[in-house]
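The values are calculated or read from the model by the stated rules, or taken from the named source; none is laboratory data. This is a predicted model, so every value here is computed, not measured. With ideal geometry, Cβ positions are generated from the backbone for all residues, glycine too; neighbour counts draw on all protein chains shown.
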Amino acid sequence: MLSRILAACVGAVILFAGATKATGFQQWKADARSQGLWPAIAYVVPGVELLLGALLIVLAPTPVVFGAATLLLLIFTVYLLVLVASGSTVPCACFGAQFSKPPSWRDVLRNVLMLTALFVAAAMY
């Protein structure tokens with residue numbers, strides 16, 4: 001039961017991130033461009049977040065879903081680490097245009113906590 005709760009909590013955060021990017025898509029594209037990301041990434045990330053978030057919430061997570069969500073969060077966390085360590089002031093827009101601010105160590109910590117929750121949930125599953 002705790003495994004499902006942890007997976008659903010992480011899924012809710014990921015789903016929210018995808019939803020805010022999708023609803024403010026033009027600003028998300030501009031923020032992604034400001035970060036120097038490939039244009040294709042701006043189109044792919046919201047959909048991937050929406051899908052993985054929904055899967056973690058609605059379905060009993062499978063190893064594939066746990067693995068995909070973990071990989072996504074690892075990529076995002078490494079990227080945030082690079083931005084924070086370099087002192088970047090470019091908005092990360094982790095949660096879309098409404099939350100557009102430069103990345104901070106708090107963002108890194110949030111992702112590390114979500115990764116921890118996913119590992120615990122997967123271990124208990």
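Please indicate, with yes or no, whether at least one residue in the range 22-44 is surrounded by 13 or more Cβ atoms within 10 Å (Cβ to Cβ), at pLDDT 90 or above and either within 19 Å of Met114 (Cβ to Cβ) or touching a strand residue (DSSP E or B) at 6+ places or on another chain (Cβ under 7 Å) (or both).
Checked the range 22-44: no residue is surrounded by 13 or more Cβ atoms within 10 Å (Cβ to Cβ), at pLDDT 90 or above and either within 19 Å of Met114 (Cβ to Cβ) or touching a strand residue (DSSP E or B) at 6+ places or on another chain (Cβ under 7 Å) (or both).
With over 21 Å from Leu109 (Cα atoms), among the hydrophobic types (A, V, I, L, M, F, W, C) and assigned to a loop (DSSP other than H, G, I, E, B) as the only criterion, which of Leu51, Leu37, Leu55 stands out? Let's see the steps before the verdict.
Numbers: Leu51 fails: assigned to a loop (DSSP other than H, G, I, E, B); Leu55 fails: assigned to a loop (DSSP other than H, G, I, E, B).
Matching residue, one of Leu51, Leu37, Leu55: Leu37.
Taking Ile5 and the conditions (1) part of a helix (DSSP H, G or I); (2) surrounded by 13 or more Cβ atoms within 10 Å (Cβ to Cβ); (3) more than 13 Å from the chain's Cα centre (by Cα), which numbered condition does it fall short on, given that it satisfies the others?
With (1) part of a helix (DSSP H, G or I); (2) surrounded by 13 or more Cβ atoms within 10 Å (Cβ to Cβ); (3) more than 13 Å from the chain's Cα centre (by Cα) applied to Ile5, the lone miss is (2).
Scan (1) in contact (Cβ under 8 Å) with a residue 24 or more places away in the chain; (2) touching a helix residue (DSSP H, G or I) at 6+ places or on another chain (Cβ under 7 Å); (3) surrounded by 16 or more Cβ atoms within 10 Å (Cβ to Cβ); (4) part of a helix (DSSP H, G or I) for the single condition Phe16 breaks and write down its number.
(2)
In the list Val90, Val82, which residue meets the criterion of being hydrophobic (A, V, I, L, M, F, W, C) and not in a helix (DSSP H, G or I)?
Val90
Identify all residues within the range 71-98 that are out of contact with any helix residue (DSSP H, G or I) (no Cβ under 7 Å at 6 or more places or on another chain), surrounded by 14 or more Cβ atoms within 10 Å (Cβ to Cβ) and not hydroxyl-bearing (Ser, Thr, Tyr); write none if there are none.
Leu83
Go through the range 61-70 and give me each residue that's surrounded by fewer than 21 Cβ atoms within 10 Å (Cβ to Cβ) and in a loop (DSSP other than H, G, I, E, B).
Within the range 61-70, just Thr62 meets the criteria.
Check Gly18 against each of (1) within 30 Å of Met1 (Cβ to Cβ); (2) more than 12 Å from the chain's Cα centre (by Cα) and name the one condition it does not meet.
(2)
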